[in-house]
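The values are calculated or read from the model by the stated rules, or taken from the named source; none is laboratory data. This structure is a prediction, so every number in the text was calculated from the model and none was measured. In this analysis, Cβ positions are derived from the backbone assuming ideal geometry, glycine residues included, and neighbour counts consider all displayed protein chains.
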Amino acid sequence: MKLSRAQLSWILYDMANAAFALIVRTVFAPIFFKNYAAENLAPAVATSYWGFVSSAAGIAAGILAPWLGTIADANSGRKKYLGIFMSAGILATVALCFARRGDASLVLWLYFISLVAYMGGNSFYDSLLVDVSSRGGFHRLSSMAYAWGYIGGMIPFLLCLGLLMIVGSDSIFGVKCSFVIAAAWWGTLAWPLFRNVREKPRASQRINPLDGFRRLIATAREIGNYRNVVIFLAAYFLYIDGVGTIFMMAAPLSQDIGIPPGWLFGTILALQFLGFPFTILYGRLARRIPARKLVYLAIGIYVLITLIVGIIPSLGSAGAKLAAFLIAAFLIGTSQGGIQSLSRSLFSELIPRERASEFFGFYNIFGKFTTVLGPILIGVAVWLFGRSEYGITLLAVPFLAGAWLLSRVAVPSERRH
């Protein structure tokens, strides 16, 4: 598959924001919060606060993205709003460097802003898929972007690990420098998209923010006429929220379990190596096997992961807990990129091309690592049982419900298999 300059630039953005997803969201921000900003809080309580703020950010991004998506579609402004959200995310990430010991509230607010910006921007980025590819190339291009996103996250992450080896693994200065590295990587690799990707002209008239809100209400009502879209979004909400929760909460959960930081960093790095080939594999298999069946496979693997995490507290030795953690991590690496990339391309098949930003705005209410239900379940599990791992086990139910709903969707490309 020969890629155009626009397609390569679109893929580069996935590599760009992967630095935030891995370095900030997954690894260093949770540790920075629990060990530095919230050092006076019990670990389980800090984890629950982190989860609730993550849920609030998902809700906020879910409200903003569809509204602005209606304006972006009408005004050919997808890149403009992507740039605004990206800039806010970069600035909030850098601002984390100014937090001091005990500044739990400040860190939570800055993380909230950066996470809303990251997730909100993804709706505009995802919607550009219809501008850089034809329907026949959706699955392959989407999978390639997610796969290269693993490489995009791994390179700056290695830089951060190298820095920590020099200044010390427990150095707050090293962690703050990691935030700067993530922000710089995000902004630098995103630049080609704004230069080379061209939005296709829209037939609709330009609208203002108030008109955008009115159109959003109309779109929300109109989506009800797209039966496949409604069912898919409901299914996607249930299973992708679990995917995002498991990845996002990996670092704080590992601390609750007692996994040494060195093992955590090594495991996350290994996930990037695993994620690249397996995501490419999912994309290639989708040329021969219906993409929906591959999503079923990934959901089944994630159900197994929830069960493995749930038994970790009952394991007697630290070695057994570490082994279970590593098995769960390996399974995540095999399917995380595949389930996300094929879900995005499946959705692209179901929507009208000329209204991609509007529809992807709703898609990203539950979209790329947008987490609402999962962190709430973890927080509730902490308050009720004192163990965050049980919240992960509860995710098996929405995973299975999502698979059942997905079976009710009529997918156009399956007629060709």
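Condition check ((1) in contact with a strand residue (DSSP E or B) (Cβ under 9 Å, 6 or more places away or on another chain); (2) in contact (Cβ under 8 Å) with a residue 60 or more places away in the chain; (3) buried (at least 24 other Cβ atoms within 10 Å of the Cβ)) across all residues:
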site: Phe124; (1), (2), (3): no, yes, yes
site: Ala145; (1), (2), (3): no, yes, yes
site: Leu163; (1), (2), (3): no, no, no
site: Val175; (1), (2), (3): no, yes, yes
site: Thr188; (1), (2), (3): no, yes, no
Residues being closer than 18 Å to Ala117 by Cα and modelled with pLDDT of 90 or more - total across the range 29-38:
1
Any residue at all in the range 363-371 that's in a helix (DSSP H, G or I), surrounded by 23 or more Cβ atoms within 10 Å (Cβ to Cβ) and either at positive phi or at pLDDT 80 or above (or both)?
no
Mind checking which residues of the range 220-240 are of a type in the set (Ser, Thr, Tyr) and surrounded by fewer than 20 Cβ atoms within 10 Å (Cβ to Cβ)?
Tyr226
Checking the conditions here, which among Ala88, Ala92, Ala44, Ala65 is touching a Leu at 6+ places or on another chain (Cβ under 9 Å), among the small types (Gly, Ala, Ser) and surrounded by 17 or more Cβ atoms within 10 Å (Cβ to Cβ)?
Ala92
Test result for Gly374, more than 24 Å from Asn122 (Cα to Cα), at pLDDT 75 or above and in a helix (DSSP H, G or I)
no
Scan the range 385-408 for residues that are more than 23 Å from the chain's Cα centre (by Cα) and modelled with pLDDT of 80 or more and jot them down.
Ser407, Arg408
Would you be able to tell me the number of residues in the range 22-37 that are surrounded by fewer than 23 Cβ atoms within 10 Å (Cβ to Cβ) and of a type in the set (A, V, I, L, M)?
1
Do we have any residue at all in the range 75-96 that's closer than 26 Å to Phe32 by Cα and either at pLDDT below 90 or touching a Cys at 6+ places or on another chain (Cβ under 7 Å) (or both)?
no
Residue, surrounded by the most Cβ atoms within 10 Å (Cβ to Cβ), within the range 241-258, restricted to residues that are more than 14 Å from Thr306 (Cβ to Cβ) and of a type outside the set (Gly, Ala, Ser)
Met248
Okay, helices (runs of 4 or more DSSP H) sitting entirely in the range 249-336 with 3 or more residues that are modelled with pLDDT of 85 or more and not charged (D, E, K, R), I get 261-285, 291-311
Within the range 337-353, can you find the residues that are in a helix (DSSP H, G or I) and farther than 15 Å from Ile246 by Cβ?
Ser341, Leu342, Ser343, Arg344, Ser345, Leu346, Phe347, Ser348, Glu349, Leu350, Arg353
